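A short worksheet on the structure shown next.
Read-outs throughout are calculated quantities, based only on the coordinates presented, and are distinct from any laboratory measurement. Since the structure is predicted, the reported quantities are computational estimates derived from the model, not experimental observations. Cβ: placed from backbone, ideal geometry, glycine included. Neighbour counts: every protein chain shown.
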Amino acid sequence: MSLEENGIHFISGLPRSGATLLAALLRQNPRVHAGMTSPVGSIFNAMLGALSQRNETAIFIDDTQRRRLSRACFEAYYADIQQTKLVFDTNRQWTTRLSALTTLFPRSRMICCVRNVAWIIDSIERLIRRNAFELSGIFNFETGGTVYSRAEGLSKGDGMVGFAWNALREAVFGPHADRLLLVRYETLITNPLGTLAAIYDFIGEAQFVHDPNRIEPCYDMVEFDARLGTPGLHAVGTSVRAPERTTILPPDLFARHESDTFWIDPARLPKAVKCV
């Protein structure tokens, strides 16, 4: 059974916006496979590079073969899983690959997790301060820096937050916007069952009864975060809870990024884009 027959969809959007929590909830459904960022995005990019004109043998590869080989990245990686499960592959770069994904998997949809950018930067800064004796790979294991330089690094075009935000806007205002469902972090943590019901409805999948108070841990994420020097980056609790807290960012820094949350105003979104 091919991925298209059994189903493949994508999770993308902004970091620290609930993608790991959403995947943990989706995994409660025995028909669903979902997790943190998979290797498929990197493999897919490497394949595109190998098939490009920078490879002198590309003259022997036509567009049909390119599509077949690109699709093989997904088929090979999920060869065992896709026999029985609906796949959700997670990667922040997928919002930049909508044209290709739509061609390869015409029935696929993309769930984009979003959150106030100021709170995203606040969340990352909390992790950095919590791991005071660890140097984080997010900042190339550098020893210096301030909250301002870290926020600037995160929000620049190739930064962890800036790239994802630009990629999200590319997808939202692009020709395949009807493939997107924006899931606000605030909605996910305050109404997880309603959010999941909206996702199932969006992808045309039968509803499943989830339990937001029984989330199973994924120990692979612990090792991944430790190697990145940022323990807790993908940690989720055993239940969905809406934390109440004040920001640790300086007021001017927090205010600088608050206006980046364009999806809260329906008038700023294309009609084709759905948001919960």
(request) Can you figure out the FRET efficiency of D80 with V147, using R₀ = 45 Å and their beta-carbon distance, to the nearest 0.05? (result) 0.50
(message) Counting only helical runs of four or more DSSP H residues, what would the 222 nm mean residue ellipticity of the chain come to if each run contributes -39,500 (n - 2.57) and the total is spread over all its residues?
(response) -12500 deg cm²/dmol
(request) Please tell me the relative contact order of the stretch 3-275 in percent, rounded to the nearest whole number, where contacts are Cα pairs under 8 Å and at least six residues apart. (result) 27
(request) First measure r as the distance between the Cβ atoms of A255 and A177, then evaluate 1/(1 + (r/R0)^6) with R0 = 30 Å and state the FRET efficiency to the nearest 0.05. (result) 0.55
(request) Using R₀ = 41 Å, calculate the FRET efficiency as 1/(1 + (r/R₀)^6) where r is the Cβ-Cβ separation of I248 and S42; round to 0.05. (result) 0.80
(request) Scan the chain and report its longest stretch carrying no trypsin sites (Lys or Arg not before Pro) that are both in a DSSP loop and have at most 14 other Cβ atoms within 10 Å. (result) 157-213
(message) Give me the net charge for the shell around A118: Cβ to Cβ below 12 angstrom, other residues only, Lys and Arg +1, Asp and Glu -1.
(response) -2
(request) Quote the charge dipole size of the chain about the Cα centre in Debye, to the nearest 20; the model charges only the Cβ of Lys and Arg (+1) and of Asp and Glu (-1). (result) 280
(message) Output the 0 to 90 degree angle, nearest 10, between the alpha-carbon long axis of helix 160-172 and the longest principal axis computed from the alpha carbons of the chain.
(response) 50
(message) Within 10 Å of each candidate Cβ there may be at most 15 other Cβ atoms; applying that plus a DSSP loop requirement, which chymotrypsin sites (Phe, Trp or Tyr not before Pro) in the stretch 157-187 survive?
(response) F173
(request) In nm, give the distance between the simple-model label positions of V209 and R130, each being 7 Å from the Cα along the Cα-to-Cβ direction. (result) 3.3
(request) Report Rg (one decimal) and Dmax (nearest whole number) for the stretch 145-246, counting Cα atoms only, units Å. (result) 17.0, 49
(request) Arrange D265, D89 by Cβ neighbour counts within 10 Å, fewest through most, would you? (result) D265, D89
(request) Apply the Karplus parameterisation 6.51 cos²θ - 1.76 cosθ + 1.60, with θ equal to phi minus 60°, to every residue of the stretch 188-196 and state each ³J(HN,Hα) to the nearest whole Hz, in sequence, with x for glycine and proline. (result) 4, 7, 9, 9, x, 5, x, 5, 5
(request) Can you spot the aspartates and glutamates whose alpha carbon is less than 12 Å from K271's alpha carbon? Ignore those fewer than 8 places along the same chain. (result) D178
(request) Note the listed values [x] 1.01; [y] 1.08; [z] 0.96, then indicate which one is Rg/Rh (Cα atoms, Kirkwood Rh) calculated from this particular structure. (result) [z]
(message) Taking amide H atoms as placed 1.01 Å from N in the peptide plane, list the residues 5 or more away in sequence, or in a different chain, whose amide H sits under 5 Å from that of L182.
(response) C112, K274, C275, V276
(request) Pop out the ³J(HN,Hα) list for the stretch 113-122 in order, Karplus 6.51 cos²θ - 1.76 cosθ + 1.60 with θ = phi - 60°, rounded to Hz; leave Gly and Pro as x. (result) 7, 10, 7, 3, 4, 4, 6, 5, 5, 4
